[in-house]
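Undergrad: Got a structure here, written out as structure tokens. Questions coming.
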Amino acid sequence: MMAEAPDRTVLLLDEDAERVQRLESLLVFMGFTPRHVNRPDDEVLVRTPWLAWLSQPEPGALWNGFLSSLGAAGVPLVCGPDTPLDHRDGVVGRLPVEPNHAQLRAVLERVEAHHRARRLLADEDHRPLVGESKAMQRIRRMVGQVAASEATVLILGESGTGKEVVARNIHALSPRADKPFIPINCGAIPGELLESELFGHEKGAFTGALTSRPGRFELAEGGTIFLDEIGDMPMPMQVKILRVLQERTFERVGGRQTLRADVRVIAATHRDLEARIGSGEFREDLYYRLNVFPIETAPLRAMAEDLPLLAEALAARLEADGRGTVRLGPDALRALQAYAWPGNVRELSNLMERLAILYPDETVGVDELPSRYRQHLSAEDLRALAEAPAPERAAPCASAAEPEAEPTGAALMALAVASPREPEPSVRLLPEEGFDLKNYLEDLERGLILQALERCDGVVAQSARMLGVRRTTLVEKMRKYGLQREGSTAEA
């Protein structure tokens with residue numbers, strides 16, 4: 001990983017001395033150390049600069065090799081709007097030839113975020129957002145968009161979908177990353193103790209308060225407080241949280257001094273807050289204060305294509321923690337991708353830890369999985385799993401988070417993989433003798449269905465989304481074309 005230079009050196013790559021002089025003055029005023037480089041010079045990379053700024057409009061062939069050296073050294077690059085370089089060359093932002101203060105400040109904040117992200121990737125304790133599904137890409141994109149701001153974030157989703165991991169990633173990519181991240185589960189603490197936990201108390205404030213004690217808001221000063229399961233917070237406490245969000249002040253229990261709260265608030269819940277507002281269990285004004293930037297996590301059943309990556313990451317974490325290691329065989333992975341996962345990623349984490357204890361340093365097949373993870377499969381499904389080719393990596397199927405995303409039997413998976421059929425080429429001109437349109441369309445439809453099933457490992461709900469039809473419609477078409485074997489669970 002690139003080490004950030006203490007003096008925050010900015011290389012100005014430009015052959016125009018007059019323009020460089022103006023840019024140097026602007027950078028010095030903003031607290032940076034500019035260094036002018038008017039010709040390619042690899043010696044400047046002995047001490048890794050914080051940023052390289054290609055301020056001349058066009059780099060020219062002379063600079064190509066040096067720009068490659070910058071990219072290899074991990075130095076982020078800012079260039080002009082028309083420069084033919086992109087993110088693959090290390091470009092993190094673009095500026096006009098003569099930027100104003102606001103434009104420069106915005107790009108430099110982006111560079112700050114780039115360096116935070118690189119530090120994060122090198123942090124062995126950090127838990128990244130793993131997955132390549134559309135749902136996970138959406139979450140990562142939203143985390144990147146909101147991290148640099150001070151906006152309050154509300155994370156919604158089922159239990160076990162990694163809401164705290166999302167919150168930690170927001171904090172780690174934010175300007176508050178070097179300050180505390182303080183989580184608290186609002187639903188796990190009795191209402192009469194929650195105020196003291198959040199705001200602290202003074203000595204003698206209540207029976208048992210033998211000393212003064214700071215609360216979570218004080219401990220999170222300058223950083224981020226994560227209010228997990230805020231939907232279970234008692235109504236009296238909701239009023240006090242609303243005040244903190246509105247006025248950024250609070251008092252300890254039994255105290256008279258008003259304390260300032262320089263804290264970013266991220267909240268999460270698996271509850272339907274709008275429904276709880278309707279039933280009088282949650283304050284509407286607090287909901288709107290929290291719901292500035294909502295992020296909805298997806299259940300694992302809607303991200304089946306991410307399961308191999310998640311299992312690999314969980315196994316690596318177990319190994320790093322000295323708790324053994326385990327790997328899943330291709331048949332086990334396929335069986336788990338066809339499981340409904342009511343406990344989501346938390347359930348997968350528990351399973352991997354259990355398997356690491358039962359089968360340390362081994363590859364687990366479908367027969368070694370606990371019965372819970374096999375009972376949705378028929379005997380034919382299990383045989384088909386054993387015969388199916390190993391998946392290199394799950395295909396990028398659509399994976400919107402919706403309850404209908406139920407998996408199907410593995411016999412269908414094996415059938416789709418073993419007998420792919422390409423659709424017929426499109427007919428550009430009608431033959432003179434005519435042709436059978438009905439059979440042609442049926443062949444085309446069957447071929448497209450088989451391709452979708454192959455890409456989605458036989459998961460009917462995901463294949464249906466890929467084809468833009470309802471799941472029940474796809475099941476009927478599969479019956480029509482005989483894409484189902486006796487005993488399969490294609491309708492599950």
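Undergrad: Limited to the stretch 280-299, what total is found for residues that are of a type in the set (A, V, I, L, M), open to solvent by less than 30 Å² (accessible area, probe 1.4 Å) and within 24 Å of the chain's Cα centre (by Cα)?
TA: 3
Undergrad: Go through (1) in a loop (DSSP other than H, G, I, E, B); (2) at pLDDT below 70 one by one and return the number of the condition Arg88 breaks.
TA: For Arg88, the failing item is (1).
Undergrad: Just for the stretch 247-257: of the residues that are open to solvent by 30 Å² or more (accessible area, probe 1.4 Å) and farther than 25 Å from Thr207 by Cβ, which one is nearest to the chain's Cα centre (by Cα)?
TA: Top of the filtered list is Arg248.
Undergrad: Please determine, by comparing only the residues of the stretch 155-170 that are in a helix (DSSP H, G or I) and in contact with a helix residue (DSSP H, G or I) (Cβ under 6 Å, 6 or more places away or on another chain), which one is farthest from Pro294 (Cα to Cα).
TA: Asn169
Undergrad: Can you tell me which residue is least open to solvent (accessible area, probe 1.4 Å) among those in the stretch 105-144 that are under 17 Å from Arg176 (Cβ atoms) and either modelled with pLDDT of 90 or more or among the aliphatic types (A, V, I, L, M) (or both)?
TA: Step by step, filter the stretch 105-144, then rank; the result is Val143.
Undergrad: Among the residues of the stretch 266-279, which ones are under 22 Å from Val244 (Cβ atoms) and either surrounded by fewer than 19 Cβ atoms within 10 Å (Cβ to Cβ) or of a type in the set (Asp, Glu) (or both)?
TA: Arg271, Arg276, Ile277
Undergrad: Between a first residue in the stretch 353-379 that is closer than 19 Å to Pro308 by Cβ and open to solvent by 60 Å² or more (accessible area, probe 1.4 Å) and a second residue that is part of a helix (DSSP H, G or I) and small (Gly, Ala, Ser), which pairs have beta carbons less than 8 Å apart while being 6 or more apart in sequence or on different chains?
TA: Glu368/Ala332; Arg374/Ala335
Undergrad: Of the residues Gly200, Gly222, only one is open to solvent by less than 60 Å² (accessible area, probe 1.4 Å), touching a residue at least 12 places away in the same chain (Cβ under 8 Å), out of contact with any helix residue (DSSP H, G or I) (no Cβ under 9 Å at 6 or more places or on another chain) and at positive phi; which?
TA: Step by step, each of Gly200, Gly222 is checked, and only Gly222 is open to solvent by less than 60 Å² (accessible area, probe 1.4 Å), touching a residue at least 12 places away in the same chain (Cβ under 8 Å), out of contact with any helix residue (DSSP H, G or I) (no Cβ under 9 Å at 6 or more places or on another chain) and at positive phi.
Undergrad: Determine the pairs where a residue that is more than 14 Å from Gly447 (Cβ to Cβ), located within the stretch 471-486, has a partner that is modelled with pLDDT under 80 and surrounded by fewer than 16 Cβ atoms within 10 Å (Cβ to Cβ) with Cβ atoms under 7 Å apart, the partner being 6 or more residues away or on another chain.
TA: Arg471/Glu404; Val475/Glu491
Undergrad: Could you tell me how many of the residues in the stretch 290-335 are over 21 Å from Ile139 (Cα atoms) and among the charged types (D, E, K, R)?
TA: Number satisfying all stated conditions: 7.
The values are calculated or read from the model by the stated rules, or taken from the named source; none is laboratory data. Model, not experiment: these values are computed from the prediction. Cβ: placed from backbone, ideal geometry, glycine included. Neighbour counts: every protein chain shown. Areas reflect the complete protein model, heavy atoms only, side chains present, ligands, DNA and RNA absent. Shrake-Rupley method; radii C 1.70, N 1.55, O 1.52, S 1.80 Å.
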